[in-house]
1. Can you tell me which residues in the range 36-55 are surrounded by 15 or more Cβ atoms within 10 Å (Cβ to Cβ) and part of a loop (DSSP other than H, G, I, E, B)?
2. Could you tell me which of the residues 110, 80, 154, 100 is more than 29 Å from residue 209 (Cβ to Cβ), touching a residue at least 24 places away in the same chain (Cβ under 8 Å) and surrounded by fewer than 24 Cβ atoms within 10 Å (Cβ to Cβ)?
3. Only one of these conditions is not met by residue 238: (1) touching a strand residue (DSSP E or B) at 6+ places or on another chain (Cβ under 6 Å); (2) not in a loop (DSSP other than H, G, I, E, B). Which number is it?
4. Please go through the range 214-228 and give me each residue that is in a helix (DSSP H, G or I) and under 21 Å from residue 94 (Cα atoms), ordered by number.
5. Just to check your reading of the model, which residue among 30, 116 is more than 20 Å from residue 192 (Cβ to Cβ) and in a helix (DSSP H, G or I)?
């Protein structure tokens, strides 16, 4: 099922709805950059609700026109992941994430589809929600994605509210408390939490070392964006490595 993030409606009464300010002041065009540049990210800062804090609710609308909320999924614990078809980090974890979904049927595994990490001539940055929906549907074609997909708003509101990382993970308990979060999806750390998902465990660590994608996965994913996307990535690689080195000191 593919879902589109929409504005929160105050008439919803199922759960307490948080009404945060707009997550950023960027325009749709600024958020959905046409060319990757490391300066668009600061991996040393990880905003959003921390472990032990309450989650931030947001609304969504299905393609059938049904409005849903993240709180609608709180009948089970939630694993909320972020990604896009041009993100090598996302591509590197999809197989393991799909396996975990089968192993833990008592957990909702949700993918929040965000902006293209490495747009190019083949897969360009989106300008409309229709384009974003089309890109999200391609996760099945390229990665055999089995999780339920939530499509973020065009300006990336939910993405920014939860920390703006290209491929981050949150685990939210049925009480709405964040049990775990990771700046980069870390399968081993996630497994450790899921093994104790029915307990009151709260994992405070939120910065983890990057798990580098296998070269063939990285190249294949970058080429989904296009040749220019791969060139821009390698041009920005030295700056990315410096940022990752700074983050490692936080891990």
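1. 36, 41, 43, 46, 48, 49, 51, 55
2. 154
3. (1)
4. 215, 216, 217, 218, 219, 220, 221, 222, 223, 224, 225
5. 30
A quick yes/no check of all residues on (1) under 17 Å from residue 33 (Cβ atoms); (2) part of a loop (DSSP other than H, G, I, E, B); (3) touching a helix residue (DSSP H, G or I) at 6+ places or on another chain (Cβ under 9 Å):
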position: 105; (1), (2), (3): no, yes, no
position: 110; (1), (2), (3): no, no, yes
position: 121; (1), (2), (3): yes, yes, yes
position: 138; (1), (2), (3): no, no, yes
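Read-outs throughout are calculated quantities, based only on the coordinates presented, and are distinct from any laboratory measurement. Keep in mind the model is a prediction, meaning the values are calculated, not measured. Note that each Cβ is placed from the backbone with ideal geometry, even for glycine, and that neighbours are counted across all protein chains shown.
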